[in-house]
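Take a look at the structure below.
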Amino acid sequence: MNVAHTDLHLAHQAADRADAVAMRHFRTGDVAWQRAKAGGSPVSAADHEVEHTLRTLITAASPTDAFLGEEFGAHGRSRRRWIVDPIDGTASFLAGEPEWGTLIALADGDTVLLGMVSAPACARRWWAVPGAGAWSAALPMDPHTSASPLAVTAATSLQDAAIGIWPPPARLSAGDRRLAARVAAQARSTVPAVEWDGPTASASSVISAVIRKPSTGSGTCHGALLVATGRLDAFLLAGAGPWDVAPLVPIVREAGGAYSELSEGRGGDTITALFSAPSIHQQILDIAKTC
């Protein structure tokens, strides 16, 4: 199942269009909340416009493919499916901070054929196609843009590793809190640097809200990109949707890293995802088995 050059071109074209729509809202300050999701995370008018724009573009260019977006759900039936998060990091977007972006994946069944993350306010884009490496380039891209290869760290021991974990303890399920605490206890450091085994059930949402996500201040918009670019040894993401995970799987794997889904037995429809350097991946999976 090889991805066609036209598919990668379409992904870049879609990312360009998403960048333009989102930056129009961002630059003018038109970033008001439209509503809050069930989990409390915000949704803006820009989220809706970006997703609608991408679905229209992709459906016109590849009408036999299905489409799944975070905001409006699934459209069409096909093994080939585009998976989109119109604005990942909406809270940062609403706060006028640059760490947000559009996530785009193309999957054939359970196999992700390409992944792309475009963060126009950070002037950076990352992408990968299985077998072709993982890459990053400055925005705006043009025919003369030089892309740089990505590579994960050479970490071999969890005790020496820096681990990103998200969301913070107060927003984790009981099972994911246990996992986060046990991983944090064996790691050298965690981002954010909080007490993962401390009080959680009584922690207020206000306290949770001031904890900064792993990508904040890094020039990325997703913790898994910190693994792919060698700035974290692993990233554990709980409560994620397919649009949060699918675009990052080929990017991390093609950068030399590993990915596993740890959701089995934790209930619900969301994903607990692990992205890491390969040598510490099994060490974290062994911890997960005890949780």
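General remarks:
- For region 164-186, a residue qualifies if it is touching a residue at least 40 places away in the same chain (Cβ under 8 Å) and surrounded by fewer than 17 Cβ atoms within 10 Å (Cβ to Cβ), and the qualifying residues are SER173, GLN186.
- For THR53: the one exception among (1) touching a strand residue (DSSP E or B) at 6+ places or on another chain (Cβ under 8 Å); (2) not in a strand (DSSP E or B): (1)
Okay, residues lined up against (1) more than 27 Å from GLY219 (Cβ to Cβ); (2) modelled with pLDDT of 95 or more:
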| residue | (1), (2) |
| --- | --- |
| THR90 | no, no |
| THR102 | no, yes |
| GLY115 | no, yes |
| HIS144 | no, no |
| ALA151 | no, yes |
| GLN159 | yes, yes |
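- Residues of region 67-102 that are open to solvent by 10 Å² or more (accessible area, probe 1.4 Å), among the acidic types (Asp, Glu) and not in a loop (DSSP other than H, G, I, E, B): ASP88 alone.
- Screening the candidates ALA132, ALA161, ALA154 for the property of being crowded, with 24+ Cβ neighbours inside 10 Å and under 19 Å from GLY230 (Cα atoms) yields one hit, ALA161.
- Selection from region 56-66 of residues that are crowded, with 18+ Cβ neighbours inside 10 Å and part of a helix (DSSP H, G or I): ILE58
- Flag if ASP142 is under 22 Å from LEU237 (Cα atoms), charged (D, E, K, R) and open to solvent by 10 Å² or more (accessible area, probe 1.4 Å): no
- The residue list VAL210, VAL227, VAL206, VAL191 contains one member that is open to solvent by 40 Å² or more (accessible area, probe 1.4 Å) and either modelled with pLDDT of 95 or more or of a type in the set (D, E, K, R) (or both), which is VAL191.
- Selection count where residues are assigned to a loop (DSSP other than H, G, I, E, B) and under 9 Å from the mean Cα position of the chain (by Cα), scope region 222-265: 3
The values are calculated or read from the model by the stated rules, or taken from the named source; none is laboratory data. None of these values were measured; they are calculated from a predicted model. Glycine also receives a Cβ, built like all others from the backbone with ideal geometry; neighbour counts cover every protein chain displayed. For accessibility, only protein heavy atoms count, side chains too; no ligands or nucleic acids. Shrake-Rupley method; radii C 1.70, N 1.55, O 1.52, S 1.80 Å.
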